[in-house]
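The structure under discussion appears below in the form of structure tokens.
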Amino acid sequence: MRRVAILGSTGSIGESALAVVRASGGALAAAALAAGSNWRALAAQARELRPLLAVIADPAGEGPLRRELAGTGIEVDAGTDGLRRAAALPEADVVLSAIVGAAGILPTWEAARAGKTVALANKESLVAAGGAITAAARAAGGAIHPVDSEHSAIFQLLAGRDPGEVRGIVLTASGGPFLRRDGALDGVTPEDALRHPSWSMGAKVTIDSATLMNKGLEVIEAHWLFGLPLERIAVVVHPQSIVHGAVELVDGALLAHLSPPDMRVPIAAALHHPARVALPWGRLDLAALGRLEFLPPDEDRFPALRLAREAFARGGTAPAVLNAANEIAVEAFLARRLAFTGIPALVAAVLGRFPAGSGQPGIEEVLAADAAARAAAREALQEFEPPRRN
Ligand code: NAD
Ligand code: MG
């Protein structure tokens, strides 16, 4: 039996991971469950799955969670210290990092430092702190197995391959809900942007998919996972989300990975790694699909992809600044305080306020840059017009 600490258990990835645990026939068990503020949902999960530890990040949830779990024998903890404890829990074999946003940086780093096998969904942690986290994992003898569908695909395609045979990799992007929309994007609403055509996900990653920032973050994530320079990480828009990634070999062959657009597939691959287990969910029928399309990303309409590559090229803490500014921008867009097109514009403005960096920042430096960029983004937001009503 493999015991899994699930950080972000009440989210979209967390719920899918619990489905994978339930479907495992006892091969997987929950060692710890951790969530942000929804103590009710966390308590229900804990009563069902009986982890050793349940952690609520929001301190206000600690009392109610303790009352809910009284007499169950499940330990309760809260706050950042609680998250760090769950991430390094000695009884956990695998840590699923599935908190959303920069709140996942410290727990992911903690799990890496503890030498855990990290099943990584929280791409923001590698974007902001890829150097520190991969170095910590290497030093402690741990491993990082991607959960993000594109990276899971590439990870599987690269397994056992001589790096000298690889020319580059290709990440696919759905293109989001505005791929075929005519006209300006400044008037689109949160409701429009939250309607993703092929994936069902949490709000933040859904908005990131609509701006293509998600793919920008994923290019940086791929760099840290696979050690390739950014020039060898290509992006292609593929609206059907059936091909998740491809590896181009030096002889001209392109190996692609296909699966239904269901996160339970890459989650199961990461949690059971290296085994493949039967899953009770959908299969791919190529003849029924009929056709798959591929097109280049439009970086004028969706400048976030280019911004992410630029931030990476600036080095140092610039990717952490990009990530933090994007989180504030997405939050402001969802609160109708910023237009959709204001998201990349705000990120660019904040990036411009910070000097280019050098070297790989340590975890403290990353967290300081994250905090400074959030403050700068909130301030810069004042100079942006609220979105037009239409
Ligand atoms: P979500 O919003 O559905 O869930 C987020 C989870 O994080 C919840 O359990 C929430 O309680 C927890 N959380 C939020 N703030 C927290 C805090 N401050 N401290 C502790 N916990 C906190 O998000 P999601 O869609 O499941 O995405 C999670 C991560 O996985 C993101 O990094 C996302 O980019 C990545 N990812 C998601 C998908 C997907 O299909 N949803 C696909 C690929 C990658
Ligand atoms: Mg992805």
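Bear in mind these aren't lab numbers, they're just calculated from the coordinates by the rules spelled out. This is a predicted model, so every value here is computed, not measured. Cβ sites come from the backbone with ideal geometry, for glycine too, and all protein chains shown count toward neighbours.
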Exercise. If r is the Cβ-Cβ distance from Arg353 to Ala140 and R0 is 41 Å, what FRET efficiency results, to the nearest 0.05?
Worked result: 0.70
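Explain nothing, just the number: dipole magnitude of segment 1-64 about its Cα centre with +1 on each Lys and Arg Cβ and -1 on each Asp and Glu Cβ, in debye rounded to the nearest 20.
260 debye
On a full-extension model of 0.36 nm per residue, what is the gain between Leu194 and Ala60, subtracting their alpha-carbon distance, rounded to one decimal in nm?
Values: separation 134, 0.36 × 134 = 48.24 nm, distance 2.88 nm.
Result for the pair: 45.4 nm of gain on full extension.
Place the peptides 214-223, 313-322, 37-46 in order of packing, highest mean first, counting for every residue the other Cβ atoms within 10 Å and averaging per peptide.
Working: 214-223: 25.8, 313-322: 23.0, 37-46: 19.7.
Put in order of decreasing packing, that is 214-223, 313-322, 37-46.
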Exercise. Could you name the lysines in cross-link range of Lys204, using Cα to Cα under 20 Å and dropping any fewer than eight places away on the same chain?
Worked result: Lys123, Lys215
Seminar exercise, completed: Note to self: C-alpha centroids of segment 215-244 and segment 251-291 sit apart, in Å, by 17 Å
Exercise. Fewest to most neighbouring Cβ within 10 Å: what's the order for Trp109, Trp281?
Worked result: Trp281, Trp109
Exercise. What is the set of long-range amide H partners of Ile144 at a cut-off below 5 Å, with H atoms built 1.01 Å from backbone N?
Worked result: Val118
Exercise. So, with +1 on the Cβ of K and R and -1 on the Cβ of D and E, and no other charges, what is the size of the charge dipole of the chain about its Cα centre, to the nearest 20 debye?
Worked result: 580 debye
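What order, most packed first, do the peptides 205-211, 117-123 have when packing is the mean number of other Cβ atoms within 10 Å of each residue?
Working: 205-211: 25.1, 117-123: 28.6.
By packing density, highest mean first, the sequence is 117-123, 205-211.
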Exercise. Which residue, Ser12, Ser358, Ser198, tops the fluctuation ranking in a GNM of the chain built on C-alpha contacts under 10 Å?
Worked result: Ser358
Seminar exercise, completed: In deg cm²/dmol, rounded to the nearest 500, the helical mean residue ellipticity at 222 nm of the chain, built from -39500 (n - 2.57) for every DSSP H run of length 4 or more, is -13500 deg cm²/dmol
Exercise. Where a ≥ b ≥ c are the square roots of the eigenvalues of the C-alpha gyration tensor, would you call segment 127-181 rounded, which needs a/c under 1.5, or, failing that, prolate if a/b is larger than b/c, or oblate?
Worked result: oblate
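So which trypsin sites (Lys or Arg not before Pro) in segment 222-300 pass both tests, a DSSP loop state and at most 12 other Cβ atoms within 10 Å of the Cβ?
On the way: sites: Arg232, Arg264, Arg276, Arg283, Arg291; in loops: Arg276, Arg283, Arg291.
Passing sites in segment 222-300 are Arg276, Arg283, Arg291.
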Seminar exercise, completed: Checked against the positive end of the charge dipole of segment 68-136 (+1 on Cβ of Lys and Arg, -1 on Cβ of Asp and Glu, about the Cα centre), the farthest of Ile105, Val76, Ala92 is Ile105
Exercise. Short version: ³J(HN,Hα) in whole Hz for each residue of segment 334-339, in order, from phi by Karplus 6.51 cos²θ - 1.76 cosθ + 1.60 (θ = phi - 60°), x for Gly and Pro, what are they?
Worked result: 5, 8, 6, 9, 8, 6
Exercise. Under a point-charge model restricted to the Cβ atoms of Lys and Arg (+1) and Asp and Glu (-1), what is the dipole moment magnitude of segment 273-363 relative to its Cα centre, in debye to the nearest 20?
Worked result: 120 debye
Exercise. Going through segment 1-87, which GluC sites (Glu not before Pro) have at most 15 other Cβ atoms within 10 Å and a DSSP loop state?
Worked result: none
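With the Cα gyration tensor of the chain giving a ≥ b ≥ c as the square roots of its eigenvalues, does the rule (a/c under 1.5 for rounded; else a/b larger than b/c for prolate; else oblate) give rounded, prolate or oblate? It would help to have the intermediate numbers written out before the result.
On the way: a/c = 1.40, a/b = 1.15, b/c = 1.21.
It is rounded, given that a/c, with a ≥ b ≥ c, falls under 1.5.
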For this session: Please give the net charge around Ala380, taking every other residue with its beta carbon less than 13 angstrom from that of Ala380, where Lys and Arg add +1 and Asp and Glu add -1.
Result: +1
Exercise. Ordered by packing density, taken as the mean number of other Cβ atoms within 10 Å over each peptide's residues, highest first, how do 181-192, 346-357 rank?
Worked result: 346-357, 181-192
Exercise. Give or take rounding to whole Å, what are the principal axis extents of the alpha carbon atoms in segment 192-337, in descending order?
Worked result: 43, 39, 31
Problem set entry | Most positive-pole-ward Cα, Pro344, Val321, Ser16, against dipole of the chain from beta carbon charges | Ser16
